[in-house]
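The structure appears right after this line, and notes come after that.
The values are calculated or read from the model by the stated rules, or taken from the named source; none is laboratory data. The shown structure was predicted, so the numbers you read here are calculated from the model rather than taken from an experiment. Glycine also receives a Cβ, built like all others from the backbone with ideal geometry; neighbour counts cover every protein chain displayed.
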Amino acid sequence: MTQKLEPSGAVMDYPRRDAGDKVRGRTKYTVDQAGSDTLHAVLVRSDVAAGRIAALQVDAALAMPGVRAIATGEDAPDRHGLGIADHPIFASTDIRYHGEPILAIAADTLDQAKAAAAKVVLRIDPVEPVLTMAEALQAGARLIHPDWKDYEILFSGAARGGNIAWTATVERGDTDAAFARDDVTIVEGCYRVGRQNHVSFEPRAVVASFEDGRYHIVTSTQAPWTVKNVTAMALGISPSQVRVTVPPVGGGFGLKFDCSLEPYAAILARKTGQKVSLINSREEEMLTCLSRENAEIRLRSAVTPEGEIAAREGTVLMDCGAYGGEQVFLTTMTAHTLGGNYRLGATKIASHAVYTNTAPNGAFRACNGVYNTFALERHTDEICAAIGMDPMEFRKRNVVGDGSLGATGQVFQGDVLKPMLERMERLIGADPQPEIDPDRYLYGQATTVGTWFIFVGPSAASVILNADGSATLVTSGVEIGSGTMMQSLPQMVAAELGIHPDKVIVKTADTDASGRDLGVGGGRTTVSIGAASTAACAEVRQKLLSVASEMLQTPVSKLVLGNGRIEIAGRAGSGMTIQTVIAEAEVRHGPISGSGAFTAPGTPSMPGCAAGHFIDAIDIPVFAVHNCDIAIEKATGRISVLNYRVVQDVGRAINPRAIKSQVQGGVVQGLGYALHEEMTINGDGCIDQSGFETYKIPGVGDAIPITLEMFEGAPSIGPLGTKGAGEVPILNVGATIACAVANATGKQVNELPLVPPRVLDIIENETSGLDLVHIHSDWRRNV
Amino acid sequence: MTIRLTINGQIRTYDGDPRDSLLDALRRTYRLTGAKDVCREGFCGACTVHIDGQAVPSCLRPMGLLEGADVTTIEGISSPEGFSPVQAAFVEHDVVQCGMCFPGMVMSMTDFLKRNPSPSRAEVKTAMAGNLCRCTGYEKIVDAVMSVQADERANR
């Protein structure tokens, strides 16, 4: 055996190698790829939310100057989806949302494609759209998918029916008995959040070509293998006929974790024999974004005077829009984001993905977690008020620790959240109390906890050792901006091989060159691709060291790999450079390479607890503790964030500077969600916010420096003890701001975002809170 | 009508529709894709270029108004091998994430520091109000801009 790698060898503030070209404007994102040899495509979309196509004629459009091809539903008859195949590429009979694609046009120029789109004859007989989850769940509501029973099931085991696309439930213990105890206080609350648009600066974009009988898709995606498989499914071909490569991605945040524009461009490329570029306009991105879903939540808890949570029941409605999409999968998350923070007695949780005639939603950084954390932490503070316990004390008593059961009965390892709360108390104590003018402002503060988890799942890696002593890492990883492909991965490979990270070439995703991968998201890149990469390095090391062992006449166990050399332990200057050993290895065996793989190890849950879940128990929990001080201007309801503090469980910080950047960016994105990113849907089923003027993302004036303390050493199966750090910073922000507003006003806060008119309403009016009557107080009536 | 203008020191002609935006002409006709097409409304600043020495969003400038104009884009702000001081600071402070906003950030902050070489942090934040970023949370970008003036003060 060779010596085990010490994490410290990989830890450094290694700078990213793509910064130089990015600040020079040289980086070619997918949107920059299309030159004069490329056709340009547009989608013709529905301008009603629900209806039937009565007439569709494309002859006049096809005859327009420069038009090369038009694709319609006839070109892609199959449905795709996650869990259920409910989603056609083109609407060909039924229209289910405003903005649904009906056909695609490729022309020599974008202007010609747009001019042709205006000549399409399209008549839709509209029907009354079902726009809210409350309407969709009413008895006798029109079914958005009347043929739901006929859809192909891709993942079995979930209850579904009518306008409910998917249901995931957790039942552990007897909640009725706990609620009937005479020593408990029963606390109940309802919570509601709107959608959040990712506003990734690079819109969804693709350039497709059809070469030697195969599709080549160059696309802005986080999940090249999903694009490959879904495109094949939609086109009715084998996935091996689709190659996906990915240039640098100009922001993802979850938006690009699903296939979206790729099949349209692929069909047009086949029909024209030319490269076809399709790029969403900003308006299309705003109106058809796979947003973080709007959600409605009811929580009910039985709590003893000592603060023990004897029982909890929760129901979460998640608006999936017109098609199930990611929300089908994300129903799984509620068990862990709502049920993985506090020790619970009996537990019943239901998560429904609900169809509406609105644009489909999708995945967004810490998906599902941000609003469940908001609801849970507001509920927790309401419990504290009801039983008269200090919120910090309640949290320290109740957060999950070593041996605690999660909602589905999994056993958590290690005390993490409680020591993190204690660190936060010290951070708060280190700062002076903010000084504000009490005549003009209300002061509020809050501390919240959050639980997220790393998506594990399959990843593959190959490492090729080159003759000059450099190494090439080949994976399906994508650089979406977080820097993982530029920093933690080369750092880990370099540490494993005893070379400098500059000597590690990182190949960007090409599904013809690398094995299957779940995608870049969920905080999984460092963990899953990192684990596959370090496994590949182990094979490379073994081959390299066995040759060196023969050359140096020294057992492998006495060899040390470092600084580009292989030396005999304890004898500095002995041995030789890696290049010398590689040259000898080539003579003896040929070039050195290694491959590695990783997937979910599988953590047990309690049998029979969870139904309809894609993940019954979480392999790598990640915890976060947030705190803020705010001032609310009484006259306007405007909130100023005075201090924002984060204690984040990072496992092991491989690149501390990069983690700080992720936390700063993630928290500010969360402040947008908490304070001013508001999406509304009008009576026509169209999203009102069509651009930057109406949808306000945080500007520099909305940002403050975030105080971060990294909590290291929590158990993790990740390589070198790592956990992903980029996903989780947004998790508690809505919760923390909302709890601080409740603290400042002494009122209930049940909705996000906390735009000034909503805050003024909270200040000025007596409210009994929110009651969502379509979610029953009797949990059983919700399932 | 043919429009004549200077782009990155070279005389260029434009025969397209005078209503076309400078942004579209740069990206489509001259294939200078460093200016990013993000909002097309003048809110995000990702398409910022210098016209006659002043930073402006190129999406809001029709080509017809640019006869004789001197345009510098991100591709022309530094030598091919080197970095401008602002670019160098952004690289040095490792502030880049997805990178889409950075060409515009460089152009805006370069113009700003030319006009105000020793700004306060608040002045930097005010000058950055027209450049949005979805990834970074801004503060490290502000740190980097502050370091440019600190370095230049140290050199004086």
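If you check B:SER118, B:SER78, B:SER147, which single one turns out to be hydroxyl-bearing (Ser, Thr, Tyr) and at the interface with chain A (Cβ under 10 Å from one of its Cβ atoms)?
Working: B:SER118 fails: at the interface with chain A (Cβ under 10 Å from one of its Cβ atoms); B:SER147 fails: at the interface with chain A (Cβ under 10 Å from one of its Cβ atoms).
Every option except B:SER78 fails the conditions.
Exactly one condition in (1) within 30 Å of A:ALA495 (Cβ to Cβ); (2) over 22 Å from the mean Cα position of the chain (by Cα); (3) at pLDDT 95 or above is not met by A:LEU720; state its number.
Unmet for A:LEU720, out of (1) within 30 Å of A:ALA495 (Cβ to Cβ); (2) over 22 Å from the mean Cα position of the chain (by Cα); (3) at pLDDT 95 or above: (3).
May I ask you to list the residues in the range A:586-596 that are in contact with a strand residue (DSSP E or B) (Cβ under 9 Å, 6 or more places away or on another chain) and surrounded by fewer than 20 Cβ atoms within 10 Å (Cβ to Cβ)?
So in the range A:586-596, the residues in contact with a strand residue (DSSP E or B) (Cβ under 9 Å, 6 or more places away or on another chain) come out as A:591-596.
A:PRO591, A:SER593, A:SER595, listed by residue number.
Out of (1) in contact with a Pro (Cβ under 8 Å, 6 or more places away or on another chain); (2) crowded, with 22+ Cβ neighbours inside 10 Å; (3) modelled with pLDDT of 95 or more, the odd one out for A:ASP86 is which?
(1)
Restrict the check to the range B:83-101 and report whether at least one residue is within 7 Å of another protein chain (Cβ to nearest Cβ), more than 21 Å from A:VAL668 (Cβ to Cβ) and touching a helix residue (DSSP H, G or I) at 6+ places or on another chain (Cβ under 6 Å).
yes
Only one residue in A:GLY450, A:GLY444 is under 31 Å from the mean Cα position of the chain (by Cα), more than 30 Å from A:ALA168 (Cβ to Cβ) and either outside any loop (DSSP other than H, G, I, E, B) or not assigned by TED's automatic domain parsing to the domain that holds A:CYS367 (or both), so which one is that?
Numbers: A:GLY450 fails: more than 30 Å from A:ALA168 (Cβ to Cβ).
Answer to the check: A:GLY444.
Do you know which residues across the range A:540-574 are of a type in the set (A, V, I, L, M) and either part of a loop (DSSP other than H, G, I, E, B) or within 45 Å of the chain's Cα centre (by Cα) (or both)? Reasoning before the result, please.
Initially, the range A:540-574 is screened for residues of a type in the set (A, V, I, L, M), giving A:540, A:544-545, A:547-548, A:551-552, A:556, A:559-561, A:566, A:568-569, A:572.
Across the range A:540-574, the qualifying residues are A:VAL540, A:LEU544, A:LEU545, A:VAL547, A:ALA548, A:VAL556, A:LEU559, A:VAL560, A:LEU561, A:ILE566, A:ALA569, A:ALA572.
Results for (1) assigned to a helix (DSSP H, G or I); (2) away from every other protein chain (no Cβ under 14 Å); (3) more than 29 Å from the chain's Cα centre (by Cα); (4) at pLDDT below 95, shown as yes or no for each residue.
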| site | (1), (2), (3), (4) |
| --- | --- |
| A:THR2 | no, yes, yes, yes |
| A:LYS22 | yes, no, no, no |
| A:LYS28 | no, no, no, no |
| A:SER36 | no, no, yes, yes |
| A:ALA41 | no, yes, no, no |
| A:VAL48 | no, yes, yes, no |
| A:ALA69 | no, yes, yes, no |
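Restricting to the range A:695-715, give me the number of residues that are under 27 Å from A:GLY9 (Cα atoms) and within 14 Å of another protein chain (Cβ to nearest Cβ). Before you say what the answer is, go through the steps one by one.
We begin by selecting, within the range A:695-715, every residue under 27 Å from A:GLY9 (Cα atoms); these are A:707-715.
Now drop any that are not within 14 Å of another protein chain (Cβ to nearest Cβ), which leaves A:707-708.
Number satisfying all stated conditions: 2.
Suppose we filter the range B:43-67 for residues that are away from chain A (no Cβ under 11 Å) and touching a Lys or Arg at 6+ places or on another chain (Cβ under 7 Å); how many remain?
Qualifying residue count for the region: 4.
Has the range A:487-504 got any residue that is at pLDDT 95 or above, within 14 Å of chain B (Cβ to nearest Cβ) and part of a loop (DSSP other than H, G, I, E, B)?
Yes - at least one qualifying residue is present in the range A:487-504.
Can you find a residue in the range A:450-466 that is within 14 Å of chain B (Cβ to nearest Cβ), hydrophobic (A, V, I, L, M, F, W, C), crowded, with 24+ Cβ neighbours inside 10 Å and over 30 Å from A:PHE394 (Cβ atoms)?
The answer is no, given that none of the residues of the range A:450-466 is within 14 Å of chain B (Cβ to nearest Cβ), hydrophobic (A, V, I, L, M, F, W, C), crowded, with 24+ Cβ neighbours inside 10 Å and over 30 Å from A:PHE394 (Cβ atoms).
Could you tell me whether B:ALA25 is of a type outside the set (Asp, Glu), in a loop (DSSP other than H, G, I, E, B) and surrounded by 16 or more Cβ atoms within 10 Å (Cβ to Cβ)?
Details: of a type outside the set (Asp, Glu): yes; in a loop (DSSP other than H, G, I, E, B): no; surrounded by 16 or more Cβ atoms within 10 Å (Cβ to Cβ): yes.
Taking the combined requirement at face value, the residue does not satisfy it.
Is it fair to say B:ARG40 is closer than 28 Å to A:THR694 by Cβ, surrounded by fewer than 21 Cβ atoms within 10 Å (Cβ to Cβ) and within 13 Å of chain A (Cβ to nearest Cβ)?
Details: closer than 28 Å to A:THR694 by Cβ: yes; surrounded by fewer than 21 Cβ atoms within 10 Å (Cβ to Cβ): yes; within 13 Å of chain A (Cβ to nearest Cβ): yes.
Taking the combined requirement at face value, the residue satisfies it.
Scan the range A:171-181 and give yes if some residue there is within 14 Å of chain B (Cβ to nearest Cβ) and acidic (Asp, Glu), otherwise no. First the steps, then the outcome.
Let us first name the residues in the range A:171-181 that are within 14 Å of chain B (Cβ to nearest Cβ), namely none.
No, the range A:171-181 contains no residue that is within 14 Å of chain B (Cβ to nearest Cβ) and acidic (Asp, Glu).
Suppose we filter A:GLY683, A:GLY724, A:GLY651, A:GLY718 for residues that are on the phi > 0 side of the Ramachandran plot and away from chain B (no Cβ under 14 Å); which single one remains? Step through it out loud before you land on a result.
Values: A:GLY683 fails: on the phi > 0 side of the Ramachandran plot; A:GLY724 fails: on the phi > 0 side of the Ramachandran plot; A:GLY718 fails: on the phi > 0 side of the Ramachandran plot.
So the residue among A:GLY683, A:GLY724, A:GLY651, A:GLY718 that is on the phi > 0 side of the Ramachandran plot and away from chain B (no Cβ under 14 Å) is A:GLY651.
I'm checking my understanding of the structure. Among residues of the range A:227-259 that are of a type in the set (S, T, N, Q) and under 15 Å from A:VAL206 (Cα atoms), which one is surrounded by the most Cβ atoms within 10 Å (Cβ to Cβ)? Break it down stepwise before answering.
Taking the range A:227-259 first, the residues of a type in the set (S, T, N, Q) are A:229, A:231, A:238, A:240-241, A:245.
If we keep only those that are under 15 Å from A:VAL206 (Cα atoms) too, we end up with A:231, A:245.
Working: A:THR231: 29, A:THR245: 18.
Going through the qualifying residues, I end up with A:THR231.
Take the residues in the range A:291-325 that are surrounded by 24 or more Cβ atoms within 10 Å (Cβ to Cβ) and charged (D, E, K, R); name whichever of them is nearest to A:ARG204 (Cα to Cα).
Top of the filtered list is A:ARG292.
Select from the range A:67-78 the residues that are buried (at least 17 other Cβ atoms within 10 Å of the Cβ) and of a type outside the set (S, T, N, Q) and write down the one among them that is nearest to A:ALA115 (Cα to Cα). Step through it out loud before you land on a result.
From the range A:67-78, those buried (at least 17 other Cβ atoms within 10 Å of the Cβ) are A:67-73, A:75-76; that's our starting set.
Add one more test, that the residue is of a type outside the set (S, T, N, Q), and what stays is A:67-71, A:73, A:75-76.
Values: A:VAL67: 9, A:ARG68: 13, A:ALA69: 14, A:ILE70: 13, A:ALA71: 16, A:GLY73: 21, A:ASP75: 22, A:ALA76: 24 Å.
Filtering the range A:67-78 for residues that are buried (at least 17 other Cβ atoms within 10 Å of the Cβ) and of a type outside the set (S, T, N, Q), the one nearest to A:ALA115 (Cα to Cα) comes out as A:VAL67.
Would you check which residues across the range A:80-108 are free of Cβ contacts under 8 Å to residues at least 40 places away in the same chain and assigned to a strand (DSSP E or B) and list them?
A:PRO88
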